[in-house]
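S.K.: I am attaching a structure below and will ask some questions about it afterwards.
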Amino acid sequence: MDKILVLDFGGQYNQLIARRVREEHVYAEIKLFSKITIDEIKNIGYKGIIFTGGPNSVYDPKSPHYDPAILDAGIPILGICYGDQLMAFMADGKVSSAENSSEYGKTEVFFDNTNVLFKDTPNSSICWMSHTDYISTIPEGFKKIAHTEKCPFAGMCNEEKKLFGVQFHPEVTHTVFGKQILNNFIFEVCKCNKDWKMENFVESSIEKYKKELAGKKVLLALSGGVDSSVAAVLLHKAIGQNLTCVFVDHGLLRKNEGDFVEKTFGTGFGINLIRVNAEDRFLSKLAGVTEPEKKRKIIGEEFIRVFEDEAKKLGKINVLVQGTIYPDVIESGNGTSAVIKSHHNVGGLPDVISFEEIVEPLRDLFKDEVREVGTQLGIPYELVWRQPFPGPGLAVRVIGDITKEKLDILRDADAIFREEVANAGAEKSTNQYFAVLTDVKSVGVMGDARTYGRTIVLRAVTTDDFMTAEWTRLPFEVLERSSSRITNEVKGITRVVYDITSKPPATVEWE
Ligand code: XMP
C-alpha cells in the first residue's frame, strides 16, 4: 500500500492534512518530526512527505528542525507554511520577517499553472494564509511558482529533486483549489495509487485477525460508543465466539440505552455479551460526592474494578481488544497542555489486568473512517452516527451529588429533548445535544399553586473536533416544545434554560 508521511512540526492542521490525503484513498500517517529518523523514513518507503506548518520562526533556536539530508533522500516533499520556510532554510535560502509582509486570511495567490503542482488551476485563486515570516530568497536549484502582492515566493519548487513548497495552506477549505493542489502532489508528483479503501480494510482486518487470534480467548470492554462497537463487530466477524464483550452498565447511561446495547450486540449480532448491572456499586461509591474531578476518578476506578472482577470469572484470557483510534495515537507537536478534565475511557485497563497481548484494530483510522467501517459491517445507522457520550455518563450532567432519583429525572428530560430534536429533523445541524440537571431550584406556578422545583439546562453544540465549539442555533420551536414537554411530563422540573455559551470559554459538558 502506498503511504504518505505527514511530518509534524507543530502545525494546528496536521490531522487535516492526513485526512485530506486519506479522503483520496491514499494512506497517510502523521509522525512528530522528533520521533522518526531519516533511516526509518527511507525504510518505510513513503511515496511522499508533507512538512506541516508550525508556530515558530526557523531562526528561533527552539524551533523544530530536521536533518537536511531528507531533501536528498529521493522522496518527493511538499512543505506547507512553516514546512515551506524550513525547506528553504535547509537548502540555504533566506527567510525574513517583516511586519508589513505578514498575511492572514483569504489572499489572492498567482500560480504558475504550467507547473505540475498547479495543474488544472487558474492563473490566480484565493488561498488561506497565516504567516509573518516569508521566504525572501529561494535556494539554489529552486524556482518560483507562485506569488502574492506581498509575498514574492508563495510557492517554489526544485523539479529535479521533486521538492515543492507553498506558503499558504492547501488543506483548509478556504483555499479554493487546495484539494486540486494536494492531489497534484499525491498523484502527479508522488504517483500514488488509490489503495486505501474501507472495504479492503474490513476484509483484510478480518483475515488478519482470523489468523493471528486463532484459538485465543479475546476480551473487549463494550461501551456502546461508536469505536468499541465497531471494534466488537469487526472482531466478532473474525473470531466469532472466541470474543467475549463485557458491557459495564454503571447506571449512568441515557434512557433505555443499556437495553439497546444488549439487544443490538447480543441478540442482533449474536456476540457473546456479558452485561454487568453495576448501578448499585457505582451509586454507592458516588453517594454524596459533588466535586466533578472526584466523580470522574471514582467512576474510572470503579469501572476497572468491575471489569477486573468479570475478567477473573472468565478464566484465562489471552488478548484484550481496545477501541483506540488514530487521533488518540498521534503525538502532537504542541508540547504539553493543561488537564482541563480527566477523560475516562478504558485506556487504563492493561495496567491492572494482565494480558499477553493488546489488539487495537482501529488505531490507524480517523473517526469518519471508523464510521465507514461500521457501515460496511452492517451496524445500525443510529449507532454508527451516534453523538459522543462521555465515559462517566450522566454523572457529569447531574450537577452536585448523584442519586437515582436525579438520574431518572435527567434521563426523562434528556429523552424528550432528543426526541424533539429528531422530530424536527435537526439532528444533522448539531454535533452533540443533551440535557443537564442543575442543583438550582426556582419558584414556579402550576395551576394556582406555587411550585419549587429543579432547573434543566438544554445544551447543543456545533463543532468539528470538540476542541472548540459553537452553541447551536436550534430552531426556537424545538426549544419551545422541549421546554413545554419537560415541564409538563417530568416531575419536579419547573424551569428549562438553554445554554448559549461557546467553548472556549465554557466546555461542552458542565462538569
Ligand atoms: P468537554 O466537556 O471537555 O467535552 O468540552 C469535549 C467532548 O468530550 C466528551 N467528554 C468525554 N468523553 N470521557 C469521554 O469519553 C470523558 O470523561 C469525557 N468528558 C467529556 C464530551 O461529551 C464532548 O463530546
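The values are calculated or read from the model by the stated rules, or taken from the named source; none is laboratory data. For clarity, every value in this text was computed on a predicted model and none was experimentally measured. We place every Cβ from the backbone using ideal geometry, glycine too, and count neighbours over all the protein chains shown. Side chains are part of the model used for accessible areas, which takes the heavy atoms of the whole protein and leaves out ligands, DNA and RNA. Shrake-Rupley method; radii C 1.70, N 1.55, O 1.52, S 1.80 Å.
S.K.: Starting at the first residue of the stretch 409-419, write each ³J(HN,Hα) from the Karplus equation 6.51 cos²θ - 1.76 cosθ + 1.60 with θ = phi - 60°, in whole Hz, x for Gly and Pro.
M.R.: 4, 4, 4, 5, 5, 5, 5, 5, 4, 5, 5
S.K.: Taking only protein heavy atoms and a 1.4 Å probe, what accessible area per residue, in Å², does the stretch 418-465 have with all protein chains in place? Walk me through the numbers before you get to the answer.
M.R.: Details: 2430 Å² over 48 residues.
Result: 51 Å² of accessible area for each residue.
S.K.: Shifting gears a bit: Using mean Cβ contacts within 10 Å as the protection proxy, how do 491-498, 311-318 order, highest first?
M.R.: Numbers: 491-498: 17.8, 311-318: 12.0.
Listed from highest to lowest mean packing, they are 491-498, 311-318.
S.K.: Put a dot 7 Å past each Cα toward the Cβ at ASP448 and GLU419; how far apart are the dots in nm?
M.R.: The two pseudo-label positions are separated by 3.2 nm.
S.K.: Looking at the stretch 372-511, what % of its DSSP beta bridges pair antiparallel, to the nearest 5? Working shown, then result.
M.R.: Numbers: 15 of 21 bridges.
If we restrict to bridges inside the stretch 372-511, about 70 percent are antiparallel.
S.K.: Using only Cα positions of the stretch 390-465, each an equal point scatterer, no hydration layer, compute I(q)/I(0) via Debye at q = 0.15, 0.20, 0.22 Å⁻¹ and quote the log10 values to two decimals.
M.R.: Rounded to two decimals, the profile gives -0.62, -0.95, -1.05.
S.K.: To continue, here is another question. Relative contact order for the stretch 431-511: what percent, with Cα pairs under 8 Å and sequence separation of 6 or more?
M.R.: Numbers: 132 pairs, mean separation 25.9, N = 81.
Contact order relative to length: 32 percent.
S.K.: Would you work out what percent of the accessible area of the stretch 1-42, with all protein chains in place, is carbon or sulfur (probe 1.4 Å)? Intermediate results must be reported in sequence, preceding the final value.
M.R.: Numbers: 690 of 1640 Å².
Solvent-exposed carbon and sulfur of the stretch 1-42 make up 42 percent of the total.
S.K.: Rounded to the nearest 0.05, what FRET efficiency is calculated for LYS143 and ASP39 with R0 set to 30 Å and r the Cβ-Cβ distance? Walk me through the numbers before you get to the answer.
M.R.: Working: r = 30 Å, r/R0 = 1.01.
Rounded to the nearest 0.05, the efficiency is 0.50.
S.K.: HN-Hα J couplings of the stretch 191-202 from phi, Karplus 6.51/-1.76/1.60, θ = phi - 60°, integer Hz, Gly and Pro as x?
M.R.: Values, residue by residue: 6, 6, 9, 7, 10, 9, 10, 5, 5, 5, 4, 4 Hz.
S.K.: Roughly how many percent of the accessible protein surface of the stretch 204-260 is carbon and sulfur, given a 1.4 Å probe and a whole-percent answer? Walk me through the numbers before you get to the answer.
M.R.: Numbers: 950 of 1930 Å².
C and S atoms contribute 49 percent here.
S.K.: Another question, if that's okay. Suppose all protein chains stay in the model; what accessible area per residue would a 1.4 Å probe give for the stretch 1-99, in Å²? Mind showing how you got there, number by number?
M.R.: Working: 3900 Å² over 99 residues.
That works out to 39 Å² per residue.
S.K.: Quick one: work out the % antiparallel among DSSP beta bridges in the chain, nearest 5.
M.R.: Details: 36 of 75 bridges.
For the chain, the DSSP antiparallel bridge percentage is about 50.
S.K.: For LYS294, give me every one of the lysines with a C-alpha distance below 26 angstrom, ignoring sequence neighbours fewer than eight places off in its own chain.
M.R.: Answer for LYS294, where 26 Å is the Cα cut-off: LYS255, LYS285, LYS341, LYS404, LYS406, LYS441, LYS503, listed by chain and number.
S.K.: Could you check the simple spin-label distance between LEU314 and LYS210, using points 7 Å along Cα→Cβ, in nm with one decimal?
M.R.: 2.3 nm
S.K.: Helix 226-239 against the longest principal axis of the chain: what's the angle in degrees, Cα atoms only, rounded to the nearest 10?
M.R.: Helix 226-239 sits roughly 90 degrees off the main axis of the chain.
S.K.: Between ASN123 and GLU23, what FRET efficiency follows from the Cβ-Cβ distance if R0 is 30 Å, with the result rounded to 0.05?
M.R.: Details: r = 27 Å, r/R0 = 0.89.
The pair ASN123/GLU23 has a calculated efficiency of 0.70.
S.K.: Taking amide hydrogens as modeled 1.01 Å from N in the peptide plane, which residues meet the under 5 Å criterion relative to SER136, leaving out close sequence neighbours?
M.R.: So SER136 has HN proximity to LYS94, VAL95, SER96.
S.K.: Related question: Looking only at the stretch 272-294, which residues have a backbone nitrogen under 14 Å from a spot 7 Å from the Cα of ARG305 in the C-beta direction?
M.R.: Output list for this probe position: 278-287.
S.K.: Looking at the stretch 143-199, which GluC sites (Glu not before Pro) are DSSP coil and have at most 15 other C-beta atoms within 10 Å of their C-beta?
M.R.: When the GluC sites (Glu not before Pro) of the stretch 143-199 are filtered for loop state and at most 15 Cβ neighbours within 10 Å, GLU149, GLU159, GLU160 remain.
S.K.: How much FRET efficiency would the formula 1/(1 + (r/R0)^6) give for ILE330 and GLU405, where r is the Cβ-Cβ distance and R0 is 35 Å, rounded to 0.05?
M.R.: On the way: r = 42 Å, r/R0 = 1.21.
Efficiency, from the Cβ-Cβ distance: 0.25.
S.K.: Okay, next question. Within the stretch 1-63, what is the number of lysine pairs with alpha carbons under 14 Å apart, leaving out pairs fewer than eight places apart on the same chain?
M.R.: Numbers: LYS3/LYS31; LYS3/LYS42; LYS3/LYS47; LYS31/LYS42.
Lysine pairs meeting both conditions in the stretch 1-63 amount to 4.
S.K.: Now for a separate question. State in Å² the accessible area per residue of the stretch 117-189; use a 1.4 Å probe, count heavy atoms of protein chains only, and round to the nearest integer.
M.R.: Numbers: 2890 Å² over 73 residues.
Roughly 40 Å² per residue, with all protein chains present.
S.K.: With a cap of 16 neighbouring Cβ atoms within 10 Å, and only residues DSSP puts in a loop, list the chymotrypsin sites (Phe, Trp or Tyr not before Pro) found in the stretch 354-388. Could the numbers behind the result be given before it?
M.R.: Working: sites: PHE355, PHE366, TYR381, TRP385; in loops: PHE355, PHE366, TRP385.
Sites meeting the loop and neighbour criteria: TRP385.
S.K.: Could you grab the relative contact order for the chain? Cα pairs under 8 Å, six or more apart, rounded to a whole percent.
M.R.: Values: 988 pairs, mean separation 53.5, N = 511.
Relative contact order, the chain: 10 percent.
S.K.: Which order, highest average first, do 175-181, 164-170 follow once you tally other Cβ atoms within 10 Å for each residue and take the mean per peptide? Let's see the in-between values first.
M.R.: Values: 175-181: 20.0, 164-170: 28.6.
The densest-packed peptide leads the list: 164-170, 175-181.
S.K.: Tell me which residues come under 5 Å, amide H to amide H, from LYS217 once H is placed; ignore anything under 5 positions away on its chain.
M.R.: Residues meeting the criterion, in which the H sits 1.01 Å from N, are ASN318, VAL319.
S.K.: Right, here's the next one. Normalise the Cα radius of gyration of the chain by 2.2 N^0.38 Å (N = residues in it) and let me know the number.
M.R.: On the way: Rg = 26.3 Å, N = 511, 2.2 N^0.38 = 23.5 Å.
Working it through for the chain, the quotient is 1.12.
S.K.: Ok, one more. Whose amide H sits under 5 Å from the amide H of GLN432, counting only residues 5 or more places off or on another chain, with H placed in the peptide plane?
M.R.: VAL461
S.K.: Roughly what would the spin-label model give for LYS491 and VAL116, points 7 Å off Cα along C-beta, in nm?
M.R.: The modelled label-to-label distance comes out at 7.4 nm.
S.K.: How many times 2.2 N^0.38 Å is the alpha carbon radius of gyration of the stretch 1-131?
M.R.: 1.08
S.K.: Angle between the Cα long axis of helix 14-23 and the longest principal axis of the chain, 0 to 90 degrees, nearest 10?
M.R.: For 14-23 against the chain, the angle is about 90 degrees.
S.K.: Here's a follow-up. For the stretch 98-171, with all protein chains present and a 1.4 Å probe, just round the carbon and sulfur fraction of the accessible area to a whole percent. Before the final figure, lay out each step's value.
M.R.: On the way: 1520 of 3340 Å².
Its accessible area is 46 percent carbon and sulfur atoms.
S.K.: Heavy atoms only, probe 1.4 angstrom, no DNA, RNA or ligands counted: give me GLU360, GLU509 ranked by accessible area, highest first.
M.R.: Working: GLU360 45, GLU509 20 Å².
The ordering from most to least exposed comes out as GLU360, GLU509.
S.K.: Among the trypsin sites (Lys or Arg not before Pro) in the stretch 1-98, which ones are in a DSSP loop with at most 14 other Cβ atoms within 10 Å of the Cβ? Mind listing them?
M.R.: On the way: sites: LYS3, ARG19, ARG20, ARG22, LYS31, LYS35, LYS42, LYS47, LYS62, LYS94; in loops: LYS47, LYS62.
When the trypsin sites (Lys or Arg not before Pro) of the stretch 1-98 are filtered for loop state and at most 14 Cβ neighbours within 10 Å, LYS62 remain.
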